[in-house]
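All remarks here apply to the structure that follows.
The values are calculated or read from the model by the stated rules, or taken from the named source; none is laboratory data. Because the structure is a prediction, the values reported are computed rather than measured. Please note: Cβ atoms are built from the backbone with ideal geometry, for glycine as well, and neighbour counts cover all protein chains shown.
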Amino acid sequence: MTALITLAQAQTWTGDTNAADAPFITAMIGAASAMVVDFLGYDPSLQTVTELTSGTQTPRLFMKLRAISAVTSITINQALTTGRAPFGEVWAQGSPSVVDLTQIAWDNNEIYYSNGAVFPRGNRNVTVAYTAGYAISAMPSQIQQATMLTVKALQTAQPADPNASSENFSGVLSRQFWDGGPGSLPPAAQSILNPLRNVFRMP
């Protein structure tokens with residue numbers, strides 16, 4: 001998994017520009033990026049992947065990753081297919097069918113036939129190779145902001161017991177932590193990321 005923010009961004013956000021602390025901040029960036037990816041339900045970093053999904057007898061496939069920028073290949077496994085072939089295509093029983101990409105378009109995390117054909121119903125019967133995500137220089141500001149908030153939370157949580165839900169030093173300090181405890185994904189980051197989450201996706 002690629003870091004979602006740069007060291008320079010984290011140093012500016014935390015106010016720690018000490019070169020000796022750079023390895024520690026880099027480690028926090030990695031931990032914070034992993035928390036954000038886990039909460040989103042997908043890795044927003046630029047990457048090329050091969051994903052196995054299921055056709056639903058509709059023109060559309062909903063992929064796990066967002067910001068699709070290229071589709072390299074789509075193959076339909078006839079042996080796992082229960083629906084009919086797309087319009088204009090003939091399948092030999094048991095033979096994989098390679099989809100004509102000139103009939104394919106995409107938008108965000110959705111791949112679809114532009115000619116009204118359908119991806120036949122089946123159980124994990126469609127294999128898609130595609131490129132999606134963002135280079136770190138083009139990462140959406142919401143994701144970067146949430147990552148920096150999480151880095152800051154990790155930094156300030158260092159003196160705290162990670163298992164604590166609250167702290168009380170009589171006459172000195174009393175505070176409560178959010179669900180998950182100190183050093184977890186802070187509520188402000190969760191609020192920023194909520195609109196971008198993959199809470200539900202087509203199989």
Hey, can you tell me all the residues within the stretch 102-152 that are of a type in the set (Gly, Ala, Ser) and in contact with a Gly (Cβ under 6 Å, 6 or more places away or on another chain)?
-> Gly122
Residues of the stretch 146-190 being surrounded by 12 or more Cβ atoms within 10 Å (Cβ to Cβ), modelled with pLDDT of 60 or more and of a type in the set (Ser, Thr, Tyr), in sequence order, are Thr147, Thr150, Thr156, Ser184
Determine which single condition Met63 fails, assuming it passes every other condition in (1) within 24 Å of Leu193 (Cα to Cα); (2) surrounded by fewer than 18 Cβ atoms within 10 Å (Cβ to Cβ); (3) assigned by TED's automatic domain parsing to the domain that holds Tyr113.
-> (2)
